[in-house]
Amino acid sequence: MPENRVGTFLAVPMKYQIMIAIFWILGVGIGSWLFSRIFGAKRRGIVGALWPAAQFLLFLAVVTVFAYVFVPSFNPFRPLLSRVAGREKVLVLTFDDGPNEPFTSEILDLLKGRGLKATFFLLGKNAERYPEVVKRIVEEGHQIGNHTYSHRPLITLDETQIAGEIEGWEKVMAPLGIHTNLFRAPHGWKVPWLYSVLDRKNYQLIAWTRGVWDTDQPGEEILFQRLTEHLASGEIILLHDGIETRIEPDRSQLLKVLPRVLDYYRDQGYEIIPLSQVKNGISGEI
Ligand SMILES: [Zn+2]
């Protein structure tokens, strides 16, 4: 089914396709508007000659800004970890939006049975509900990352509010003895002033290579397909053991597919490595 190909526009669920289309239309619209505001009707001489090139560059700039904000793995201005380079046949598993029972515990059971380590980007609000699960994640050798306290889209927040979301998470975790320097933005959306907060608090921004929209419950077969086809070494795979701050969302579809997916990775010769092993040879700094 080519319509489910990872990495193509058609693989994206329709609601995101619509969103992307709107962003592109907005990009063209804002670009054209800015251009006409700057140059007005003065289209003679040198401006007239450079008109098409300038319009194209402005359009490119607007699209770049949209991509910078909304494409999690895209930042031309500084390194961003979205893929592990320098090692053959490795994959990194990450789970976002937990803890969420009983699914987080079931994932931990599965990983334990196979001797695998993953990274869990927890939400502070969910961790308050399941402190025992948080402790178990650490005790079993997995890594924990900060995914904010309540999963508010950071692009709607100023610097102080972003710091508040990150520190809200830290306040929940500190009594459990948990500290981290890994951060993942809700939806992967980012703004320049997010980096100011992360730099000040010494966090590394972690994106991903393969998001499969597992929270949309696409069906077991499609989910399997999205998680396995065109697999390449170094991919950081994004899965969800919770769904934002919802109370006990159903993640059973993922749990049904995950053993098969892990079998497939193993059979293809891939080693699952934790982010803690990612020190050098990565496409970013950590
Ligand atoms: Zn999330």
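Bear in mind that the values in this text are calculations on the coordinates, not laboratory data. Worth saying up front: this structure is predicted, and the values here are computed from it rather than measured. Glycine gets a Cβ as well: all are built from the backbone with ideal geometry, and neighbour counts include every protein chain shown.
I need the full set of residues from the stretch 121-178 which are assigned to a loop (DSSP other than H, G, I, E, B), within 20 Å of the chain's Cα centre (by Cα) and surrounded by fewer than 21 Cβ atoms within 10 Å (Cβ to Cβ), in order please.
The answer is S150, R152, P153, L157.
Given the residues L239, L255, which is the only one that is under 24 Å from K125 (Cβ atoms) and assigned to a strand (DSSP E or B)? Reasoning before the result, please.
Details: L255 fails: assigned to a strand (DSSP E or B).
Answer to the check: L239.
Let's see how each residue does on (1) within 16 Å of the ligand (Cβ to nearest atom); (2) closer than 16 Å to L239 by Cα; (3) in contact with a Pro (Cβ under 7 Å, 6 or more places away or on another chain):
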{"site": "L116", "(1), (2), (3)": "no, yes, no"}
{"site": "L122", "(1), (2), (3)": "yes, yes, yes"}
{"site": "N146", "(1), (2), (3)": "yes, yes, no"}
{"site": "S150", "(1), (2), (3)": "yes, no, no"}
{"site": "L154", "(1), (2), (3)": "yes, no, yes"}
{"site": "I166", "(1), (2), (3)": "yes, no, no"}
